[in-house]
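Step one of this worksheet: look at the structure below.
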Amino acid sequence: ASQTYGDVWRRVALHVPSAPVSLVQDWVQDAYDELLGKRHWAWLRRETVLTTLASRSITVTFAASTAITSAALFVASDAGRQIRVGTGPIYTISTVTDASNAVLTFAYAETTGAQTATIRDIYLIMPANFRSILSVIDQSIQRPIAWWISRERLDLFDSARTSSDSRFRVMAAAQQSQATATLGRITYELWPYPTAVGSYPMEYFIRTDTLADDDTFTGVLATYTRVLEKGALAEAAMWPGTTTQKNPYFNLPLADRLRTEFAEAAKTLDVMDDDQYLMDLSQVDLSK
């Protein structure tokens with residue numbers, strides 16, 4: 001049967017009964033984070049669809065603050081989208097209070113008063129569990145989107161960001177989201193700036209999260225959680241204990257040996273993962 005996080009940290013705790021429960025849990029979490037942070041195992045893959053909405057131009061009244069108003073022209077889906085006057089700086093709408101009022105992520109610093117502004121998707125927000133992109137496809141033209149281009153490279157040929165089209169062709173990693181509902185999530189700048197509704201299938205790898213007691217390990221870890229125990233016990237062997245109660249498991253040579261075993265076990269899981277889901281056939285001639 002698949003093992004849970006609770007199963008693993010409790011087994012580790014048997015070796016170090018003097019350690020606080022929270023410390024033992026941290027050791028297992030650290031081993032989990034280290035293991036997954038260096039790998040793109042098959043079971044860490046997810047699918048989603050990135051979407052863009054049609055851009056639109058409306059009259060907006062700006063003040064020297066984060067507050068903006070319109071004649072009941074805002075909609076709920078404007079939250080998280082970008083707003084721009086001409087080729088001026090790009091602002092992000094943090095929240096939509098109601099059809100007439102919205103709030104920017106930072107104060108407007110250009111010419112105040114009524115302005116014709118364009119609302120569109122310039123920065124796409126990645127899923128909450130996002131770690132890295134595997135692929136993004138524009139199925140309408142059967143072409144992959146270039147997601148590995150930097151914003152600095154975009155600056156070389158469109159520093160003012162004046163290019164727009166019905167669909168985008170490049171995604172450049174940008175800053176973290178400042179919008180209230182998605183605060184801190186990774187965003188990618190789209191180029192050229194899309195003007196039309198669009199859907200783009202994306203495959204990505206998830207990041208590690210803080211484990212809960214009843215979380216079940218999946219993939220290659222479903223039947224081989226011993227690797228996590230080795231990583232956690234390596235940390236346990238480096239913990240001397242407290243000033244009032246020493247840790248009998250404290251043993252630096254043992255810690256070194258467990259670290260080595262942890263690394264070797266991780267390599268074994270790499271092979272197991274490839275057996276379950278081969279990621280790369282570039283060296284296999286499929287024409288024969």
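For the criterion of being in contact with a Lys or Arg (Cβ under 6 Å, 6 or more places away or on another chain) and at pLDDT below 95, Arg161 fails. The set of residues from segment 89-101 being assigned to a strand (DSSP E or B) and of a type outside the set (Ser, Thr, Tyr) comprises Ile90, Ile93, Val96, Asp98, Asn101. Here is the figure for segment 120-175: residues that are surrounded by 15 or more Cβ atoms within 10 Å (Cβ to Cβ) and of a type in the set (Phe, Trp, Tyr) total 4. One residue alone among Ser140, Ser132 is at pLDDT below 95, assigned to a strand (DSSP E or B) and among the polar types (S, T, N, Q), and that residue is Ser132.
Please verify whether Asp256 is among the acidic types (Asp, Glu) and closer than 19 Å to Val21 by Cβ, treating the condition exactly as stated. When the stated conditions are applied, Asp256 does not pass them.
For segment 1-33, the set of residues classified as among the aliphatic types (A, V, I, L, M), within 20 Å of Phe262 (Cα to Cα) and open to solvent by 50 Å² or more (accessible area, probe 1.4 Å) consists of Leu14 only.
One residue stands out among those in segment 233-250 that are part of a loop (DSSP other than H, G, I, E, B) and touching a helix residue (DSSP H, G or I) at 6+ places or on another chain (Cβ under 9 Å): the one that is nearest to His15 (Cα to Cα), which is Tyr249. Of all the numbered requirements in (1) under 16 Å from Arg11 (Cα atoms); (2) without any contact (Cβ under 8 Å) to a residue 24 or more places away in the chain, Asp256 misses one, and that requirement is (1). When the residues of segment 40-88 are filtered to those that are outside any strand (DSSP E or B) and touching an Asp or Glu at 6+ places or on another chain (Cβ under 7 Å), the one that is most open to solvent (accessible area, probe 1.4 Å) is Leu53. Only a single item in (1) modelled with pLDDT of 95 or more; (2) under 30 Å from Arg143 (Cβ atoms) is not met by Ile206, and it is number (1). Among the residues here, Ala196 qualifies as touching a Lys or Arg at 6+ places or on another chain (Cβ under 8 Å), under 30 Å from Ser135 (Cα atoms) and not in a strand (DSSP E or B).
The values are calculated or read from the model by the stated rules, or taken from the named source; none is laboratory data. Predicted, not measured: the structure shown is a model, and the values here were computed from it. Positions of Cβ are backbone-derived with ideal geometry, glycine not excepted, and every protein chain shown enters the neighbour counts. Note: accessible area is taken over every heavy atom of the protein model, side chains too, but ligands, DNA and RNA are not part of it. Shrake-Rupley method; radii C 1.70, N 1.55, O 1.52, S 1.80 Å.
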